[in-house]
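The values are calculated or read from the model by the stated rules, or taken from the named source; none is laboratory data. A quick note: this is a predicted structure, and the numbers were derived from the prediction, not measured. Using ideal geometry, Cβ is built from the backbone for each residue, glycine included, and neighbour counts are taken over all protein chains shown. Protein only, heavy atoms only, side chains kept; ligands, DNA and RNA dropped before computing areas. Shrake-Rupley method; radii C 1.70, N 1.55, O 1.52, S 1.80 Å.
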Amino acid sequence: MLRALLRPRRVVHAHCDLPCGIYDPSQARVEAESVKAIQTRYQDAEKFKSAAESVEDYRIRALAIKEARADLVKDHLWVLWTDYFKPEHVEKYPQLHELFWNATKEAGLAKKAVDPAQGQKLLDSIDEIGKIFWETKA
């Protein structure tokens, strides 16, 4: 009886918890820009650290933030891949799977790397996905 009262009268389906329809690779790109900027600041820690903190402490903080941002890049990319792109997109752009694979791998490498050149590779990967994304939105 209680179960019948609590059962929804109508069942709806959506691609995510809140079907907002707002997708944009720029979310991943902003986080990737942070990754690259932090990699640059890590290299020049003496220049960027506060007067009250050591270079070592600054770098430890930078690494923690960079790793969190790299995880956010992966999250944003996976939302695009799993929620936005559909089979018809993959049919038209068969390289999509490899692009997402490479971009998320680059984000994983960004967690470990302190070289801004690696951060640029991540940005380039996201830009390739972005080009296709905007073509599908047209």
Open item on the list: Between 0 and 90 degrees, rounded to the nearest ten: what's the tilt of helix 26-43 against the longest Cα principal axis of the chain?
Closed with: 20 degrees
TODO: Of the listed pairs LYS74/LYS111; LYS92/LYS131; LYS66/LYS112; LYS47/LYS105, which have alpha-carbon separations greater than 19 Å here?
DONE: LYS47/LYS105
Open item on the list: Among (1) 1.07; (2) 1.38; (3) 1.56, only one was calculated for this model; which label is it, if the read-out is Cα Rg over 2.2 N^0.38 Å?
Closed with: (2)
TODO: Evaluate the Debye formula for the range 67-138 with equal point scatterers sitting on the alpha carbons, no solvent, and hand back log10 of I(q)/I(0) at q = 0.26 Å⁻¹, in q order, two decimals.
DONE: -1.18
TODO: Kindly state, to the nearest 0.05, the FRET efficiency for LYS137 paired with ASP75, given R0 = 30 Å and r defined as their beta-carbon distance.
DONE: 0.90
Task: Surface per residue (accessible, 1.4 Å probe) for the range 20-138, Å² - done: 57 Å²
Open item on the list: Can you give me the angle between helix 55-79 and the longest principal axis of the chain, using Cα atoms only, in degrees from 0 to 90, rounded to the nearest 10?
Closed with: 20 degrees
TODO: For the chain, build the charge dipole from Cβ charges (+1 Lys, Arg; -1 Asp, Glu) around the Cα centre, then report which of PRO116, ALA138, LEU99 sits farthest towards its positive end.
DONE: ALA138
Task: Cα-projected label distance for GLN43 with GLU98, points at 7 Å along beta-carbon direction, nm - done: 2.9 nm
Open item on the list: I'd like the orientation of helix 116-137 relative to the chain: the angle between its Cα long axis and the longest Cα principal axis, in ° from 0 to 90, rounded to 10.
Closed with: 30 degrees
Task: Sorted largest first, extent of the range 36-77 alpha carbons per principal axis (Å) - done: 37, 14, 11
Task: Solvent-accessible area, 1.4 Å probe, carbon plus sulfur percent, for the range 31-98 - done: 53 percent
Task: the chain, dipole about Cα centre (Lys/Arg Cβ +1, Asp/Glu Cβ -1), debye to the nearest 20 - done: 620 debye
Task: Rounded accessible area of GLU98 (nearest 10 Å², 1.4 Å probe) - done: 120 Å²
Task: Estimated distance in nm for a label pair at GLN120 and LYS86, the labels positioned 7 Å out from Cα along Cα-to-Cβ - done: 3.8 nm
- [ ] Determine the gain in length on full extension of the stretch SER26-SER54; use 0.36 nm per residue of separation and subtract their C-alpha separation, reporting nm with one decimal.
- [x] 6.7 nm
Task: Relative contact order [Cα under 8 Å, 6+ residues apart], the chain, whole percent - done: 34 percent
Open item on the list: Multiplying the sequence separation of ARG61 and LYS111 by 0.36 nm and subtracting their Cα-Cα distance, what value in nm do you get?
Closed with: 16.7 nm
